[in-house]
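The values are calculated or read from the model by the stated rules, or taken from the named source; none is laboratory data. Keep in mind the model is a prediction, meaning the values are calculated, not measured. Don't worry about glycine lacking a Cβ; one is built from the backbone with ideal geometry, like all the others, and counts go over all protein chains shown. The area values use the complete protein model at the heavy-atom level, side chains included, leaving out ligands, DNA and RNA. Shrake-Rupley method; radii C 1.70, N 1.55, O 1.52, S 1.80 Å.
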Amino acid sequence: MKLYDLTIHQAHELLKRRDVSSLELTKAVLKRIAEVEEKVGAIVSITEDLALSQAEQADKRISDGDFVPLTGIPALIKDNMCTKGLRTTCSSRMLENFIPPYDATVVERLKEAGMVMVGKTNMDEFAMGSSTENSALFPTHNPWGLDRVPGGSSGGSAVGVATDEAIYALGSDTGGSIRQPAGFCSVVGFKPTYGRVSRFGLVAFASSLDQIGPLTKDVTDSALVMNVIAGYDPRDSTSANYPVPDYTESLIPDLRGFRLGVPKEYFVEGMEKGVEEVMRTAIAKLEELGATVEEVSLLHTKYALAAYYIIAPSEAMANLARYDGVKYGFSYRDAESMWDAMEKTRQFGFGPEVKRRIILGTYALSAGYYDAYYLKAQKVRTLIRREFEEVFEKFDALITPTSPTVPFKIGEKVDDPLQMYLSDVCTLPINIAGIPGLSVPAGFSDGLPVGMQIIGKPFSEETLLRIGFAYEQTTGWWEQKPPL
Ligand code: GLN
């Protein structure tokens with residue numbers, strides 16, 4: 001038996017029955033990392049010693065009968081979530097040697113649940129990007145085609161799960177960064193409702209859009225991780241104080257009575273034929289499972305991308321002002337004056353995409369342009385949110401592709417930021433509205449993965465998991481493994 005390719009729930013059964021120990025499982029996963037990591041480049045820091053000691057602790061908890069489904073299960077954490085005493089780089093030169101003095105809330109909760117952390121994953125620098133090519137450290141390769149991008153910005157987390165370098169991973173999603181790489185790598189990616197999961201200890205990109213969520217091999221695992229990471233946190237002022245259900249209770253393979261909408265604006269121009277075909281088949285499957293499907297129109301969708309690229313850079317520009325060479329990370333020391341030190345710290349510490357965002361954000365927020373750009377974008381944001389509210393009076397969920405294309409070639413879009421930004425047309429309206437979105441594997445186009453996105457109203461995570469679960473159980477796409 002290959003231990004590394006188990007899901008959380010499968011591994012948990014074995015651990016519970018003492019058929020395997022967490023130490024055995026962890027060693028199998030570490031060995032897998034040693035085998036495939038050189039090919040894919042998913043991990044920034046491998047935490048082998050920590051993993052082995054956490055596995056021993058987990059085994060002790062299991063033998064004491066004090067455990068939950070995540071106890072003793074190897075995981076990867078995106079490298080923008082603070083890990084106490086362990087380097088957290090955001091794949092940036094700026095934080096290359098930054099060692100946080102505390103854990104992010106999600107990390108703290110996973111540790112309490114008995115996580116075995118095997119490493120921190122590669123990402124686009126400060127989570128800005130859709131291909132993980134913006135990592136200042138190294139690129140990550142898609143296991144379904146090693147010359148292709150894994151999506152981004154949580155590309156390392158998606159690849160880590162797809163290649164069994166971990167049983168599950170955490171990612172963060174500001175405009176699609178969990179769902180889009182999940183779709184590109186044929187794993188399950190879940191962006192919960194804004195405020196559902198604490199952002200405390202997540203390095204901020206665009207605070208009104210950022211949200212942490214799981215990347216897993218199947219939908220059941222997504223529910224299991226949500227059970228641990230969701231919930232109120234007084235250290236995050238935007239955290240929702242709203243009860244957390246047992247998400248596994250919604251895993252019922254039946255969609256009778258469900259009303260699903262298919263927004264026609266998401267079948268955008270520029271969408272690949274293969275993706276559209278996969279989606280049509282997927283939608284027919286949902287109908288077979290008992291759901292009624294109807295076409296809907298979301299007229300404001302076409303403005304979401306423009307609004308996002310005003311709001312996200314504006315917030316990023318403010319959040320990134322803290323990297324001045326004094327408080328955190330990289331500091332340029334060979335300078336003539338304080339200003340010179342600050343300028344050079346930012347000149348050498350940030351990569352080109354981060355600088356582009358800072359310049360865009362500074363422009364959008366500057367006197368004279370604020371009303372024309374930032375304020376206008378905020379108004380559009382309200383319209384988009386209202387439009388979703390209206391359709392959710394009639395529908396339980398909306399179905400769209402996760403991305404208009406299959407994974408593209410490494411290097412294909414790096415010199416064309418606008419083309420790159422289009423990668424997230426289907427996912428970023430969801431962050432703009434603050435609602436949840438789940439991406440599940442929906443099939444392949446010429447051997448490359450296609451993801452289906454399920455969108456719901458605020459705090460309808462259970463509905464999305466149920467739809468994803470029902471779909472997954474009858475199609476089994478998630479079981480296919482990349483040819484590594
Ligand atoms: N690709 C989008 C961007 O570059 C979204 C990134 C994200 O979700 N973190 O901003």
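Values computed for the structure shown
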| read-out | value |
| --- | --- |
| Residues of segment 149-203 classified as in a loop (DSSP other than H, G, I, E, B), away from the ligand (no atom under 11 Å from the Cβ) and of a type outside the set (Val, Ile, Thr), total | 13 |
| Matching residues, segment 195-217, being surrounded by 24 or more Cβ atoms within 10 Å (Cβ to Cβ) and more than 23 Å from Met94 (Cβ to Cβ) | Arg196, Val197, Ser198, Gly213, Pro214, Leu215, Thr216, Lys217 |
| Helices (runs of 4 or more DSSP H) within segment 389-480 that include 1 or more residues surrounded by 23 or more Cβ atoms within 10 Å (Cβ to Cβ) | 428-433, 461-475 |
| Scope segment 69-113; condition among the small types (Gly, Ala, Ser) and open to solvent by 20 Å² or more (accessible area, probe 1.4 Å); matching residues | Gly85 |
| Test: residue in segment 339-346 that is β-branched (Val, Ile, Thr), at pLDDT 95 or above and either more than 26 Å from the chain's Cα centre (by Cα) or away from the ligand (no atom under 16 Å from the Cβ) (or both) | yes |
| Some residue of segment 145-160 being touching a Phe, Trp or Tyr at 6+ places or on another chain (Cβ under 6 Å), at positive phi and in contact (Cβ under 8 Å) with a residue 60 or more places away in the chain | yes |
| Filter result (crowded, with 20+ Cβ neighbours inside 10 Å and either free of Cβ contacts under 8 Å to residues at least 12 places away in the same chain or out of contact with any Phe, Trp or Tyr (no Cβ under 9 Å at 6 or more places or on another chain) (or both)) within segment 10-29 | Ala11, Ser22, Thr26 |
| Gly213 vs. criteria within 16 Å of the ligand (Cβ to nearest atom), touching a Pro at 6+ places or on another chain (Cβ under 7 Å) and in a helix (DSSP H, G or I) | no |
